[in-house]
Every structure is written in structure tokens, then in C-alpha cells.
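J.: Got a structure for you, questions after.
Just so you know, all these numbers are worked out from the coordinates, no wet-lab data involved. Every value quoted in this text rests on a predicted model; they were computed, and no experiment measured them. Virtual Cβ from ideal backbone geometry, glycine too; neighbours counted across all protein chains shown.
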Amino acid sequence: MPTYPQETDRYSLQPKKFIVWLFMISSFIFFAGLTSGFIVYSGDSLAKQLNVKMPNAFIYSTILVVASSISLQWAYIQTKRSNFAKQRLGLWLTIALGVAFTCSQLYGWVVLTGLGAFFTSSNASISFVYVFTLFHILHIVAGLILIIGAVISSYKAVPNVLNIFRMEISIVFWHFVDILWIYLYVFLLLNQ
Amino acid sequence: MATLTLNDTHTAHHDHAAHGDHGHHKETFLNKYVFSQDHKMIAKQFLITGIFMGVVAMTLSILFRIQLAYPDESFPLLEMLLGKFAPEGRLDPNFYLSLVTIHGTIMVFFVLTAGLSGTFSNLLIPLQLGARDMASPFMNMLSYWFFATASVIMLATFFIETGPASSGWTIYPPLSALPKAMPGSGLGMTMWLISMVLFVASSLMGGINYVSTVLNMRTKGMDLWKMPLTIWAFFLTAIVGILSFPVLVAAVVLLIFDRSFGTSFYLSDIYIAGQALPNEGGSPVLWQHLFWFLGHPEVYIVLMPALGITSEVIATNARKPIFGYHAMVYSLIGITILSFIVWGHHMFVTGMNPFLGGVFMITTLVIAVPSAVKTFNYLATLWRGNIRFTPAMLFAIGLVSFFISGGLTGIFLGNAALDINLHDTYFVVAHFHLVMGSAAIFGMLSGIYHWFPKMFGKMMDAKLGYLHFWLTFISAYLVFFPMHFMGLDGVPRRYYAFTEFESMSEWLSVNKFITWSAILGAVAQVAFLYNFVYSIFWGKKTVQNPWESTTLEWTAPVEHLHGNWPGEIPTVYRWPYDYSKPGADVDFIPQTTPLSETMSSNLPHDFEGNEESERIQLDWEKENKKELVK
Ligand code: HEM
Ligand SMILES: [Cu+2]
């Protein structure tokens, strides 16, 4: 018993973090599948290319999501220094920014429909824009759930290892979702 | 104590076992047999569900074979069984298409993906690597229950008014995208899609777990190059799954939008009953790209675990080290990579740019190289082996046979020009049923016979096993071999009654022959099912290492424990294929035997360049030579 628990401990969290990485890989492949679908589709003829301008709302979204990554990173640094009050502040700020991002994306949809670019367009390149953003928002929601998990453990008296572990997986996943959006946005800008 | 609390909240199950002396947690029927988080139990759940689904899919195939052999006859029994799906005792044409579709879907995904990987990856990854359980036992349990739910939904489509999906296992649009296209395109298709999304979620959770376990939880001494080939195969299969299944989800998501939200990803210029649909601009070929980007890797997801199992069974029962261990691993890696760049060979006749077709043709034919490496290595392992013909061994050899005979026709199909003739004919059906269907099923059966003692602590009856093997082996060839000739004659696949065409009516006799052979094959499975169920309850008790095998799973006690090994996890000192090593006094040396205990059989390369050990070995040899001289 004296040495064993330490060993299991090391083994039981490391593989779980790894699982988060593998999950991100498969989600990235999902988006890679969608964007490749876009390329195959729009490469067919001129009429099938993306012929609307991306709304400015997407620029604001990008700023918001980058800011949220920074605030989360800050919260993580504070956690490591055991500044739990600041950790919570950072986490709440991140959640607020995440929600603001989502609203900004939804506003982007409103702008697009205003331009006559509907989801059920006969040019599926436009439908793709909605699909990209929709599934990205679902990832944001998943990220928010992880962050809320971290918030909860920051209020409860859980062992600090677990607290840090939850922070770590939230942070990795959130940065991933952030980069994912930048990837999608740049992809759309290059193709419009 | 902080760490302990942490373990208990997080991975309740296996850690308890690790310090089992803390007293036992309550084991109820529900958490032992139903919502179990123990990898061995989950493996059995996958196996039994897989076998059940296999029997269902086989029954479906017998039903449509009856239609093909007797297109004009009426079987009142069918009407009794199937009701309005077989009015007046003849299969309804739409229902025929449903049968083919669901047969393919269940066999490819539910039996040969979940049933095969789910069973053997779960059973063997922790046991052969020396881990207490999977990286996340909870996710592992979810993986099974998602699969079980997917199975129920898929089967439930037989009980709805419009019947199951019917546009083939590849569900090409527009048949799959327009709910009105045919009866099966309605609710049946919707349920198919829901079921498959759950299935993919299950596969991903399983696959992610396998990869994480293999990379993080190997016991001491088990470096990657000491892993059995089974583990290599499961590991690479899981990677292929993680990289390809999400693309299927992407394709399905777009299909769902087309079906229910009015988008036009795949739809264009369609008239139903003279009425033009509003959908415009879509591309059905887009679906094929996305689908086959998963679809081709998927066929290797099906095959690779079977190849891994075969490597293990052949080496063990030929009492020889596997020939070319490194080549076996590199060829698996080669197949893994290549499988992602050949999907276009399913699309040669979609009007693809001939240059692109040429590229896909080359990548496709290149896959034959690693496949051939594997085949030759199996044959070389068998060559002058001290073969023990256990049922598992027969099935493994059967796999090699099917892999060769089916792989050869792949080379025909891989030629873009030849494929113009052969595409969508029975030649393709023959090809993939031999190379994928029969080969992978034989790998799976081989694994079941081989690891049954590990799973259930009992032995299966060998005589029934031989009967099962020979009947199945012969009937598989009798069923699929004639299909090559039908295909060369241009007989199209998925036709309800092609023998009604004048030019193909002569094939009716062959169809009858195939159907009776298929029935023979189906009856042979009764021998297996009886043997399987009987042995679980009343079979002979097994000893710990019935096949005299070297790998770690046989060092675990026959009784199943949470955590697999009662004390410490064994350490590994050597590769898994030390069979009949010259100089050793037994014909197998388990991986757990240190080199210091086998001085008489050590070879220079066993020390991996460790000079100290080499010196000790040399000293020992000098010493012993002296003794011999005296
Ligand atoms: C030597 C290697 C192989 C080559 C060159 C090859 C080539 C091909 C080609 C070109 C096709 C398309 C035929 C057509 O639709 O016109 C095909 C179909 C197929 N192959 Fe292979 N193949 C090989 C090995 C395999 C293996 C190892 C498996 C499975 C384990 C497999 C499973 C399938 C399946 C399932 C289909 C039919 C899919 C469908 O249309 O329903 N093949 N193969
Ligand atoms: Cu293929």
C-alpha cells in the first residue's frame, strides 16, 4: 500500500488528459471533413463559390474569443499560485466572454440572412457557413460546460490536484475551440 | 491522503481493486453484469451483442438469397413471418432492398467493427499490456451502451410501417436524402442515421480509450516493440477510427440538413412525379467523397484487428516466432496511412477526372504491397512450423486463404479501366465478401476460439469447432466464388430479380446453388452457437495457459478479478514470440521470464546493446563450455 496509490494516481490522470487530446483530434477531423466538403463543392463551378461578404460580427467574435482565451490562461496562472478568488474571477470572465461570442455569432447569422444569404440557399457554400458556425458554437457550449465544472470545483473543497486537472482540461479545450474558430474564419475569408 | 480521495472520486472501479485489501465494494447484479466498468465484462457484452447482431444479419441474407434463387415461387411461411413485407409469400421489392441494406450495415459496422474491435481490444489491451483496466473505464462503459442503443434502434426499423432504410449500406443520396424517394427513405432512414450517429460516438469513445491506454498504461518493460501484434493492430485500428469516423459524422450531418431543413448539399435537379423539387446546386458526388473517405479506412478497421489476431494465433500454434515482426508492424502502419488516400477507387465511374483516377489507381495498387508482406509473413511463419491444428488455428489459416483470394480481385478492381466493366457487379460483391467479410469473420471466430478460455474460464469443444470450420470454410467459397463469374458477365448487384432479364436468366441455376450453399453455411453456425453457449455453462474448466502461450494475459488467474492481477502487475523482459527458441528447455518462454533465467537460449540481440548483460552472458557461456569439456 505505501507506494501503490502514488503510482495509480500518476496513471489515472495522465491517460485522461490524453483522452481530451484525442477527442480534440477527432473534432478537428470533423471540421476538416466539413471544410474539405466545402472545397469539393465550391470547386465545381463559379456559381457555387461563396459569393457573400462575411459579416463584421465575425471580427468582433474573433476578438472576443481571443480575449476569453487570455482570461482563462490568467485564471490558470492564478490557480497555480493558489489565488482562488482571482481564479474564480478569471473563470467567470471567460464564461461571460464565451456567451458574448455566441451572441455575436448569432448576430452574424442575422446579418447574413439580411443579405439574403439563407441557410437553405441553392448555393450550398452559404449553407456551409451556417454549418461551420453552428457546430463551432456546439463546441463552445461543450467548452463552457468544462469551465463551469472548473468553477464548481474552485468553490468546493476538492483536492488541489483535481482542481488543477479540471483547469488544465478546460484550458486545453478552450484554446482548441479558439484556434478552431480562427481556422474556420480564415478559411472562409480565403474562400469568399 | 489527498491522492487517495482523488482516485476514489474519479475512477472508482479499478482503483479499488488495486488496493483491494481496503475491503470490497458492493457488487450488485446491475454493476457487475449490466453497467459494468470492468474491461473484461465489457468485452463479453460486446461479443455477445456482436454475435446476436451477426445471427440477425445472417438471417436477413438467407431471406434475400431465397428471393434470388426462387424469384417466381411463393413461400406462405414468409408471409406468416414477415406480414406485409412479403405479400402472398413473395418478398416485396422494397423490402428486398431493405434487407440488403441492413444486412450490410449490421455486418460491416455492428459485427465486424464493434463486435470485433469492441470485444478483443477491450479484452486484450489491458491484459496483454499489463494494465489494471482502460484509461477511462466509465467512458468504456458508455461506449458499450451507445452501441447497444444503436443496435436496438437499427433493429427497431423492422417494426415500423415503412420498413428499414433501403438505399444500400453506403446510403447514397438522393435515395437517402429525400424522405419521399422510396418507403425506406422515410422514418427508416431517419432511424438509420440516428443509430449510426450513436454508433460513431460509441466507436470514438472506444477508440480514444484504446489509444490512450496503449500509449500510457503499459506495464514496466513493455516498450512499443515488445507489444504483441494484436495490440499493434488494435492500436492502429483505433487510430484509423479516430481519423475517419468524424468525417462520416460530417457527411451525415449535411445529409440530415438536406433531409429535414431544406438545404441542398447533395440535391439538385430532381423531379418527383413530374414535380421539380426546389433543391438546386447540390452534388451527390460530394457525399461519395465524404462517405468513402470514411468507407475505405472502415474496411481496414474491420480487417486489421482480424490480422492482428491471426498473427498471434498462427505464431502460437505454429510454435514459431512470427516471421518478420517488424515488417508486420510496418506493413500495418503502411496500411493505416495508405488507407486514407485510396477512397477514389470507389468512384472511378462517377465521371472523375481521368488523371485523378490514375492517381487513385496507383495509391490503390500500392496497398497491395503491405498486404502481400503480411500474407507472405503468415505463410513463412507456418512454413515448417510444428503446427497444432486447434480450431482457432484453422480459422486463422482460413483468414489467410480468404485474404489471398479476395485480395487478388482487388487488384483487378483497382485498375480504373477494368473497373468500368466491373463496378457495381457481383464481381465487387465477391471481392469484398472474401477479403473483408469472410476474412474478418474468420479472424473474429479464430479469436473467439483462442481467447474463450480467457473470457469464460472454460474450453470450447474442439470437435464441434472442426465441424464448424470446415462447413463454414467450404460454404463461404461455394457462395462467393461463383459470383466472380456472374460479375464478369455483367450481372449487376442489388437487383431484385435480375434472372428475369433474358440475357441473365441462365444464372438462375447458379443462384440456386449459391443459396443452398449459404443455407449450409448458416446451419454450420448452429454448431458454433451451441458450442459457445454450452461451453460457457458446462464446458471443461480451463487451465491458466491452455495454448502454452507467451503473452501476459495468460499470467493472469483464470478467475476474473477487478484489476486483473492479484498482486503487482508482472514486468515484461522480452518480446512476445519466443517460441521454440534454440537452447531453451521448453518450447515457449513467457514475456515475464527474465533473460537471466534463460542463459542457455539467449541470443546476442536479446540484450539490445546492453554491454553489461552481454558480458555476463559471455562469461556464463565460457563457464558452461568448460563444464562440458570436463
Ligand atoms: C489488394 C488490396 C485491395 C484493392 C486493390 C481493392 C480494391 C477495391 C476496389 C477498386 C473497389 C471498388 C470496386 C467497385 O465498386 O467498382 C473495392 C471495393 C471494396 N473493397 Fe476492396 N480492395 C482491396 C482490399 C480490400 C480489403 C482488404 C477490404 C476489406 C477488408 C476491401 C473491402 C472492400 C469493400 C467492402 C468494397 C465494396 C464497397 C461497396 O461498394 O459496397 N477491399 N476494392
Ligand atoms: Cu476501398
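J.: How large is the helix-only mean residue ellipticity at 222 nm for chain A, computed as the sum of -39500 (n - 2.57) over DSSP H runs with n ≥ 4, divided by its residue count, in deg cm²/dmol to the nearest 500?
T.: Result for chain A, helices only: -30000 deg cm²/dmol.
J.: Give me the distance in nm between label points sitting 7 Å out from Cα along the Cα-to-Cβ direction at B:Q544 and A:A32, one decimal.
T.: 4.5 nm
J.: Continuing with the same structure: Could you tell me how far the Cα centroid of the stretch B:43-81 sits from the Cα centroid of the stretch B:352-370, in Å?
T.: Here the answer is 36 Å between Cα centres.
J.: Using Cα positions and a limit of under 17 Å, work out the aspartates and glutamates in reach of B:K32, with same-chain residues fewer than 8 apart set aside.
T.: Partners within reach: B:D15, B:D133, B:E559.
J.: Another one. Could you pull out every one of the lysines with an alpha carbon less than 23 Å from that of B:K220, ignoring same-chain neighbours closer than 8 positions?
T.: A:K16, A:K17, B:K40, B:K454
J.: What is the sum of charges around B:E506, taking Lys and Arg as +1, Asp and Glu as -1, for the other residues whose C-beta is under 15 Å from the C-beta of B:E506?
T.: Computed value for this residue: -2.
J.: Separate question: Taking the beta-carbon count within 10 Å as an exposure proxy, list A:L189, A:L184 from fewest neighbours to most.
T.: Result, fewest neighbours first: A:L189, A:L184.
J.: Under a Cβ-only charge scheme (Lys and Arg +1, Asp and Glu -1), can you give me the dipole magnitude of the protein assembly as shown about the Cα centre, in debye to the nearest 20?
T.: 1140 debye
J.: Note down the relative contact order for the stretch B:62-161 as a percent, whole number, built from C-alpha pairs under 8 angstrom at least six residues apart.
T.: 15 percent
J.: If you don't mind, another one. To the nearest 20 Debye, how big is the dipole of the stretch B:40-142 about its Cα centre, given +1 on the beta carbon of each Lys and Arg and -1 on that of each Asp and Glu?
T.: 520 debye
J.: Rounded to the nearest 0.05, what FRET efficiency is calculated for B:K463 and B:L365 with R0 set to 51 Å and r the Cβ-Cβ distance?
T.: Result of the calculation: an efficiency of 0.75.
J.: Now, a different point. May I ask you to list the trypsin sites (Lys or Arg not before Pro) in the stretch B:25-121 that are in a DSSP loop and have at most 14 other Cβ atoms within 10 Å of their Cβ?
T.: Counting only loop positions with at most 14 other Cβ atoms within 10 Å, the trypsin sites (Lys or Arg not before Pro) in the stretch B:25-121 are B:K26.
J.: Here's something else I'd like to know. Hey, what number do you get for chain B at 222 nm if only DSSP H runs of n ≥ 4 count, each worth -39500 (n - 2.57), divided across all residues, to the nearest 500?
T.: Only helices count here, giving -20000 deg cm²/dmol.
J.: Sticking with this structure for a sec: Hey, with R₀ at 22 Å, roughly what FRET efficiency would B:F501 and B:Y172 work out to, going by the Cβ-Cβ distance, to 0.05?
T.: Calculated transfer efficiency: 0.45.
J.: Just flag the chymotrypsin sites (Phe, Trp or Tyr not before Pro) in the stretch B:463-557 sitting in loop per DSSP whose Cβ has no more than 12 other Cβ atoms within 10 Å.
T.: B:F501
J.: Can I ask one more? Remind me, relative contact order of the stretch A:10-190 in percent, using alpha carbon pairs under 8 angstrom and six or more residues apart?
T.: 28 percent
J.: I've got another one for you. Relative contact order for chain B: what is it in percent, counting Cα pairs under 8 Å that are at least 6 residues apart?
T.: Normalised by residue count, the contact order of chain B is 14 percent.
J.: Straight distance only, please: which lysines reach the Cα of B:K622 with their own Cα at less than 19 Å, same-chain residues fewer than 8 apart left out?
T.: Filter leaves B:K630.
J.: So what's the gap between the Cα centers of the stretch B:295-320 and the stretch B:383-434, to the nearest angstrom?
T.: When both Cα centres are located, 14 Å separates them.
J.: Local charge sum around B:T170 (other residues, Cβ-Cβ under 12 Å, Lys/Arg +1, Asp/Glu -1)?
T.: Value of the local net charge: 0.
J.: Here's a follow-up. For a quick check of your reading of the filter: which trypsin sites (Lys or Arg not before Pro) in the stretch B:321-418 sit in a DSSP loop and have no more than 13 other Cβ atoms within 10 Å?
T.: Taking the stretch B:321-418 and a limit of 13 other Cβ atoms within 10 Å, the loop trypsin sites (Lys or Arg not before Pro) found are B:R384, B:R388.
J.: I've got another one for you. Lys/Arg Cβ at +1, Asp/Glu Cβ at -1, dipole of the protein assembly as shown taken about the Cα centre: which of B:A518, A:S125, B:L60 is farthest positive-ward?
T.: It is A:S125.
J.: Right, next: Could you give me the ³J(HN,Hα) list for the stretch B:471-482, computed from phi with Karplus coefficients 6.51, -1.76, 1.60 and θ = phi - 60°, whole Hz, x at Gly and Pro?
T.: Once rounded to whole Hz, the list reads 5, 5, 4, 5, 5, 4, 5, 5, 6, 8, 5, x.
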